[in-house]
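A short write-up of the structure that comes next.
The values are calculated or read from the model by the stated rules, or taken from the named source; none is laboratory data. Note that the structure is a prediction, hence the values are computed from the model and not measured. Cβ placement follows ideal geometry from the backbone for every residue including glycine, while neighbour counts extend to all protein chains displayed.
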Amino acid sequence: IVFAHYGPVWRQQRKFSHSTLRHFGLGKLSLEPKIIEEFRYVKEEIQKHGEAPFNPFPIVNNAVSNIICSLCFGRRFDYTNSEFKKMLNFMSRALEICLNTQLLLVNICSWLYYLPFGPFKELRQIEKDLTIFLKKIIKDHRESLDVENPQDFIDMYLLHVEEEKKNNSNSGFDEDYLFYIIGDLFIAGTDTTTNSLLWCLLYMSLHPNIQEKVHEEIARVIGAERAPSLTDKARMPYTEATIMEVQRLSTVVPLSIPHMTSEKTGEDPAIWEKPNDFYPDRFLDDQGQLLKKETFIPFGIGKRVCMGEQLAKMELFLMFVSLMQSFTVLQEGPAVSVNQ
């Protein structure tokens, strides 16, 4: 559903995936408790470091991945779970390899994929390992499937496969496609949101005055004890504008086809005043209320618009606000500019 060719099968798979994810809370308040619960584990992990500097990537990545796990697998994993750690390592390494210049040549000469050495060989092995892991999960779901009470995305897909077998002999729904969809959901839904949250933390450390304003708004609207809710968004325009400014300036997609835009987009001085400055107020009107700018399109537009837009917005707001409610982010060592 991310990289597949546009056509009838792609449309069917995307439509089913989107409606099923919405059924399990995508863009709805029913998913909110799972995100807040996951933050409790994030908070515990961060507090273990005290005031010492540390790399937040593995903690944030675990949390975001667990949200996808709850939607796809119907459960979360403990951060120390060996299978969970193995799966995340496989996916992380696969993305690293795909950024290799040699791998990009596979798009031109597909036979290179089968070379018995270098990144080609390693990528094939990772794909085999991921296949074994995900096929086992699918098998477990098939064996425990309750037709009257599907628990997650895999259950719903398996039920739909059986329904299609009865009514449509040319159906594009099968367990092989399910495997690829799960991979897409993890790769597209984990790295992008993780990177967005990490950029948020970086910009807060680089701009303590803005971080202080975010802290003040959180304290005024939510307080120190209550967990944030999506219903708070309307009363927190500055925090929302800060997240939007991070999205405008940062690049969170881990890889793409080699290309460039013919015109400047997120940093066009004709659209954005002082485009290289981190300035959340550009998204606020004179009364401090949030402005909706048509030129701000972090999730894309058209038929390929990001299917996980609503989930990403939920995670970004709830996780970022929870982090800012509980912690102050500081730079390690002397202050540096964002350009450095």
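At-a-glance table
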| item | result |
| --- | --- |
| Counted residues, the stretch 134-158 - those being modelled with pLDDT under 90 and surrounded by 15 or more Cβ atoms within 10 Å (Cβ to Cβ) | 1 |
| Residues located in the stretch 272-315, provided they are in contact (Cβ under 8 Å) with a residue 60 or more places away in the chain and among the hydrophobic types (A, V, I, L, M, F, W, C) | PHE278, CYS306, MET307, LEU311, ALA312, MET314 |
| The stretch 84-94, subset surrounded by 14 or more Cβ atoms within 10 Å (Cβ to Cβ) and not aromatic (Phe, Trp, Tyr), residue farthest from GLY183 (Cα to Cα) | LYS85 |
| Residue in the stretch 314-329 that is at pLDDT 90 or above and in contact with a Gly (Cβ under 8 Å, 6 or more places away or on another chain) present | yes |
| Filtered residue count, the stretch 113-142, keeping only those that are free of Cβ contacts under 8 Å to residues at least 24 places away in the same chain, aliphatic (A, V, I, L, M) and not in a loop (DSSP other than H, G, I, E, B) | 1 |
| Lone qualifier among GLN12, GLN102 - being touching a Gly at 6+ places or on another chain (Cβ under 9 Å), of a type outside the set (Val, Ile, Thr) and farther than 25 Å from ASP174 by Cα | GLN102 |
| All positions within the stretch 41-98 that are of a type in the set (D, E, K, R) and under 20 Å from ILE132 (Cα atoms) | ARG75, ARG76, GLU83, LYS85, LYS86, ARG93 |
| Sole residue being free of Cβ contacts under 8 Å to residues at least 12 places away in the same chain and surrounded by fewer than 17 Cβ atoms within 10 Å (Cβ to Cβ), chosen from HIS18, HIS23, HIS49 | HIS49 |
| Where GLY333 falls short, out of the listed (1) modelled with pLDDT under 95; (2) under 29 Å from GLU44 (Cα atoms); (3) surrounded by 12 or more Cβ atoms within 10 Å (Cβ to Cβ) | (3) |
| Candidate set: the stretch 151-197, residues that are of a type in the set (Gly, Ala, Ser) and assigned to a helix (DSSP H, G or I); chosen: the one nearest to GLU240 (Cα to Cα) | SER196 |
| Matching residues, the stretch 221-245, being part of a helix (DSSP H, G or I), within 17 Å of LEU31 (Cα to Cα) and among the polar types (S, T, N, Q) | THR231 |
| Failed item in (1) assigned to a helix (DSSP H, G or I); (2) over 27 Å from GLN12 (Cβ atoms); (3) free of Cβ contacts under 8 Å to residues at least 24 places away in the same chain; (4) of a type outside the set (Phe, Trp, Tyr), with THR80 passing the rest | (1) |
| Flag for LEU95 being assigned to a loop (DSSP other than H, G, I, E, B), among the aliphatic types (A, V, I, L, M) and at pLDDT below 95 | no |
| Cβ pairs under 8 Å, 6+ apart, first in the stretch 94-107 and closer than 18 Å to GLN125 by Cα, second at pLDDT 80 or above and of a type in the set (D, E, K, R) | ALA94/GLU127; LEU95/ASP191; ILE97/GLU122 |
| Single residue of the stretch 271-315 satisfying the filter (over 21 Å from SER17 (Cβ atoms) and surrounded by 20 or more Cβ atoms within 10 Å (Cβ to Cβ)) that is farthest from the chain's Cα centre (by Cα) | TRP272 |
| Flag for LEU185 being buried (at least 19 other Cβ atoms within 10 Å of the Cβ), out of contact with any Ser or Thr (no Cβ under 6 Å at 6 or more places or on another chain), at pLDDT 90 or above and under 29 Å from PHE73 (Cα atoms) | no |
